[in-house]
Amino acid sequence: MTPFLAELIGTALLITLGCGVVANVILEKTKGQGGGWMVITTAWAFAVFIGVVVAGPYSGAHINPAVTLSLAVAGSFEWSEVPSYLLAQLLGAMIGAFIVWIMYKDHFDITEDKTTKLGVFSTIPAIRNYGSNLFSEAIGTFVLILTILFFTDATMATTEEIIGLGSLGALPVALLVWGIGLALGGTTGYAINPARDLGPRLIHAIMPIKDKGGSDWAYSWVPILGPILGGVAAAGLYLLILS
């Protein structure tokens, strides 16, 4: 198992279960239709748990470009490894979203609302205000990254110890993501992960989903830039505190 393959599989599992629970809750005539926000946030936490369990021993379980970039900024991850991690995460997210579409295709076909269909794949703000939406994504990711850095003391990383979400342990990081979703996810749907939004959005755009409507590319930059800004800010604060 190479780090590239671990990141790809871990991210694919994350998105399969994460986007899968959204499909189960919001698409028509599923067994979980109407399950609500608690079901969605809990399953996303479990999805992170599973992704970390699988990828952690081999790649550190970044499974999130914001994690990879922030750890590089903090000096605990080699910049030369960043491109391969980002590519693996994006491909894994696309694979996961594709699996969800295939599995729930019958339910996509009978769901008439185009926004609901897009919502399975991509985050959609509760109130569209690009400034506050960007801030929400940045804050959620800031909490995620700062917790990772302080819990793991990333400056102590060595070639034998790969720092990432897996450094926290699967259960603590799942609880962290669960808490972020419950407390901070109500404004944008808490992507806090550029690959989580971009990969599935690309699948929504290219797959022949019945009566799907547009992919809302006008908003797509928010769940990409917001997590990156929040993560880099957390890494900067961490370095400042330790200096």
*Hey, with R₀ at 51 Å, roughly what FRET efficiency would LYS29 and VAL82 work out to, going by the Cβ-Cβ distance, to 0.05?*
0.75
_If the elastic network links every pair of Cα atoms under 10 Å, which of SER215, SER76, SER84 fluctuates the most in the Gaussian network model of the chain?_
SER84
_Charges on Cβ only, +1 for Lys and Arg, -1 for Asp and Glu, centred on the Cα centroid of the chain; of PHE151, LEU13, THR115, which one is farthest towards the dipole's positive end?_
THR115
*Take peptides 117-128, 7-18, 43-54 and line them up by average Cβ neighbours within 10 Å, highest first, as a rough protection proxy.*
7-18, 43-54, 117-128
*Using only Cα atoms, figure out Rg for region 182-243 and give it as a multiple of 2.2 N^0.38 Å.*
1.46
*Once you've got the GNM for the chain with C-alpha springs shorter than 10 Å, pick whichever of MET207, MET103, MET94 has the biggest mean-square fluctuation.*
MET207
*Provide the FRET efficiency to the nearest 0.05 for the ILE110-PHE150 pair, computing r from the beta carbons and using R0 = 41 Å.*
0.30
*Extension gain from TRP217 to MET38, taking 0.36 nm per residue of separation minus the Cα-Cα distance*: 61.7 nm
*All other residues with a Cβ under 10 Å from the Cβ of GLY226 taken together, and with Lys, Arg as +1 and Asp, Glu as -1, what is their net charge?*
-2
*Quick one, could you list the DSSP H helices from the chain stretching 15 Å or more along their long axis (Cα atoms) with average Kyte-Doolittle hydropathy of 0.5 or above?*
3-26, 37-59, 82-103, 130-152, 170-184, 222-242
_Gaussian network model of the chain, springs between alpha carbon atoms under 10 Å - residue of ALA183, ALA66, ALA74 with greatest fluctuation_ = ALA183
*Based on the inverse mean of 1/r over its pairs of different Cα atoms, what is the Kirkwood hydrodynamic radius of the chain, in Å?*
17.6
*asked:* Using a 7 Å offset from the Cα along the Cα-to-Cβ direction at both SER243 and ILE102, what is the distance between the two label points in nm, to one decimal?
replied: 5.0
*Quickly estimate the mean residue ellipticity at 222 nm for the chain, helices only: each DSSP H run with n ≥ 4 gives -39500 (n - 2.57), and the total goes over all residues, rounded to 500.*
-22500 deg cm²/dmol
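None of the figures in this text is laboratory data; all of them are computed from the coordinates on show. Nothing here was measured: the structure is a model prediction, and the numbers come from that model. Cβ coordinates were reconstructed from backbone atoms using ideal geometry, including for glycine residues, and neighbour counts include every protein chain displayed.
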